[in-house]
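Below you'll find the structure, written out as structure tokens, and then a few comments.
The values are calculated or read from the model by the stated rules, or taken from the named source; none is laboratory data. As the structure is a computational prediction, the values presented were derived from the model and not from experiment. Here Cβ is always computed from backbone atoms with ideal geometry, including for glycine, and neighbour counts include all displayed protein chains.
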Number of protein chains: 2
Amino acid sequence: MSSKETQHRIKQSAITLFNKRGTGRVSTNLIAEYSDISKGNLYYHFKNKQEIIQAIHADIVTEMNAGWYKDEQQPTVTHMAEMFLRQLDLIWRYRFLYREMITLARNDSVLREHMRQNREKRIEAVIEFFEKLVDSNVLNMPRSKQSLRYLVIMTWIFSDNWLNFIELRGRDEDNVIQMGYDFIIEMLYPYLTDSARQEIHSSYSVLQANENVSPRMTG
Amino acid sequence: MSSKETQHRIKQSAITLFNKRGTGRVSTNLIAEYSDISKGNLYYHFKNKQEIIQAIHADIVTEMNAGWYKDEQQPTVTHMAEMFLRQLDLIWRYRFLYREMITLARNDSVLREHMRQNREKRIEAVIEFFEKLVDSNVLNMPRSKQSLRYLVIMTWIFSDNWLNFIELRGRDEDNVIQMGYDFIIEMLYPYLTDSARQEIHSSYSVLQANENVSPRMTG
């Protein structure tokens with residue numbers, strides 16, 4: 001295996017184990033074992049668990065930078081549904097990070113700073129998308145630009161924590177992503193223009209088409 | 001010291017240490033030391049860290065049951081501000097629990113079930129309060145009763161995670177509770193009746209009067 005392949009395998013093992021048990025209950029030894037490599041080989045690539053988590057976070061940032069841009073060029077309700085699906089799908093794949101975000105950030109100042117920078121950038125991008133929704137007559141301007149920022153940040157906080165909320169509720173839900181999208185639509189509804197409201201129904205088809213990637217609260 | 005006093009002291013030490021370092025980095029030995037009692041004495045009261053966390057959670061439930069009821073008898077914007085302040089103040093005092101909620105719930109099925117029951121009860125109480133806001137002409141009914149539920153749950157998820165969000169953002173903020181309340185008002189604004197909108201300004205005085213208990217993101 002190349003160095004890159006080995007690192008990829010280690011990160012994939014770590015993600016699987018972290019999602020299943022939480023980072024606190026997974027040792028680097030276990031990650032090596034699960035990756036079918038020696039401890040020495042793992043330490044050659046990553047000094048400790050923290051470095052593995054940092055590398056996983058860097059992959060998230062890379063994925064976002066590769067695909068999460070130019071949103072403001074598609075200012076439609078349907079694209080908003082796609083953005084929500086994209087975010088929830090990522091949160092589900094890296095759910096350990098969203099479950100333990102504060103603890104991980106508190107325990108590692110390097111990770112914390114990377115998270116902070118990435119989140120700030122992403123939130124600004126979503127705000128820009130929403131400003132374009134206003135420009136494109138999809139959304140009526142709330143009381144002020146500040147109000148719009150607040151609404152966007154609220155949807156952000158909601159999206160980040162929706163899967164956690166569902167997990168704590170402990171019921172088995174079939175369509176967690178669609179249900180989460182219901183909340184976003186509900187919050188924005190007063191501001192959606194008539195033509196945008198016409199589009200709501202068809203925007204759900206984005207989520208339905210992706211039912212197979214919907215998280216089930218069993219992982 | 002009576003048994004109750006000793007337990008109280010242990011729980012207070014644990015809360016202080018958990019808030020500061022996170023539960024994963026605090027041992028029962030450290031809690032005993034910080035409480036100025038012997039390890040044996042601690043183990044006499046609590047078998048392990050899990051039991052201490054369960055006891056702390058039970059205190060939270062007791063506090064809520066003692067003071068967080070009859071809200072529906074005061075269906076005003078000002079009382080809503082009081083409820084928000086009350087919730088944020090509690091979250092700040094027990095911030096370790098809100099930072100690590102998912103991990104703690106995943107690692108302890110007893111705690112998870114207690115959390116679940118309490119949260120379900122509280123959310124229903126807040127929904128009842130909001131239904132009374134509608135009955136009392138403070139809030140216009142959204143599209144449906146279901147919509148109202150969704151808006152309330154959204155404010156709940158926001159409130160639970162607001163301090164975490166601010167902490168991750170890493171800026172020093174002076175008036176975190178007031179700023180959080182701005183978001184709640186922003187989300188509800190389209191539904192507030194004219195008379196309720198008149199009350200917004202004075203409802204902030206509740207939060208200003210409690211500036212001294214406002215969390216600073218330094219703990």
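Remarks
- Checked against (1) in contact (Cβ under 8 Å) with a residue 12 or more places away in the chain; (2) surrounded by fewer than 20 Cβ atoms within 10 Å (Cβ to Cβ), B:E113 meets all criteria but (1).
- Number of residues in segment A:1-31 that are among the aliphatic types (A, V, I, L, M) and either within 14 Å of another protein chain (Cβ to nearest Cβ) or free of Cβ contacts under 8 Å to residues at least 12 places away in the same chain (or both): the value is 3.
- Within segment A:15-59, the set of residues being in contact with an Asp or Glu (Cβ under 7 Å, 6 or more places away or on another chain) and on the phi > 0 side of the Ramachandran plot comprises just one member, A:G22.
- Between A:I31, A:I15, A:I37, the distinction of being part of a loop (DSSP other than H, G, I, E, B) and not assigned by TED's automatic domain parsing to the domain that holds A:L168 belongs to A:I37 only.
- Taking (1) closer than 23 Å to A:L90 by Cα; (2) at pLDDT 95 or above in turn, A:N41 satisfies each apart from (1).
- Residues in segment A:40-49 include none that are surrounded by 14 or more Cβ atoms within 10 Å (Cβ to Cβ) and either touching a residue at least 60 places away in the same chain (Cβ under 8 Å) or in contact with a strand residue (DSSP E or B) (Cβ under 6 Å, 6 or more places away or on another chain) (or both).
- Residue among A:Y204, A:Y150 that is under 18 Å from B:L151 (Cα atoms), assigned to a helix (DSSP H, G or I) and among the hydroxyl-bearing types (S, T, Y): A:Y150
- Lone qualifier among B:I52, B:I60, B:I91 - being of a type in the set (A, V, I, L, M, F, W, C) and over 16 Å from the mean Cα position of the chain (by Cα): B:I52
The rows are residues; the columns are (1) surrounded by fewer than 21 Cβ atoms within 10 Å (Cβ to Cβ); (2) closer than 28 Å to A:E186 by Cα.
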| site | (1), (2) |
| --- | --- |
| B:M83 | yes, yes |
| B:R86 | yes, yes |
| B:F96 | no, no |
| B:A125 | yes, yes |
| B:F130 | no, yes |
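- Annotation: of all residues in segment A:170-188 being facing chain B (nearest Cβ under 7 Å) and in a helix (DSSP H, G or I), the one that is surrounded by the fewest Cβ atoms within 10 Å (Cβ to Cβ) is A:D182.
- Any hit, segment B:140-161, residues being of a type in the set (G, A, S) and closer than 28 Å to A:I102 by Cβ: yes
- Test: residue in segment A:60-76 that is in contact with a Ser or Thr (Cβ under 7 Å, 6 or more places away or on another chain) and either crowded, with 20+ Cβ neighbours inside 10 Å or over 18 Å from A:M115 (Cβ atoms) (or both): yes
- Of all residues making up segment B:189-201, the number that are surrounded by 19 or more Cβ atoms within 10 Å (Cβ to Cβ) and either more than 10 Å from every other protein chain (Cβ to nearest Cβ) or within 20 Å of the chain's Cα centre (by Cα) (or both): 1
- For segment A:81-138, the helices (runs of 4 or more DSSP H) that sit wholly inside it and include 1 or more residues that are at the interface with chain B (Cβ under 8 Å from one of its Cβ atoms) and either in contact with an Asp or Glu (Cβ under 7 Å, 6 or more places away or on another chain) or not charged (D, E, K, R) (or both) are A:101-107, A:109-135.
- Test result for A:K11, basic (K, R) and crowded, with 17+ Cβ neighbours inside 10 Å: yes
- One residue from A:L139, A:L163, A:L151 being touching a strand residue (DSSP E or B) at 6+ places or on another chain (Cβ under 7 Å), surrounded by 19 or more Cβ atoms within 10 Å (Cβ to Cβ) and not acidic (D, E): A:L139
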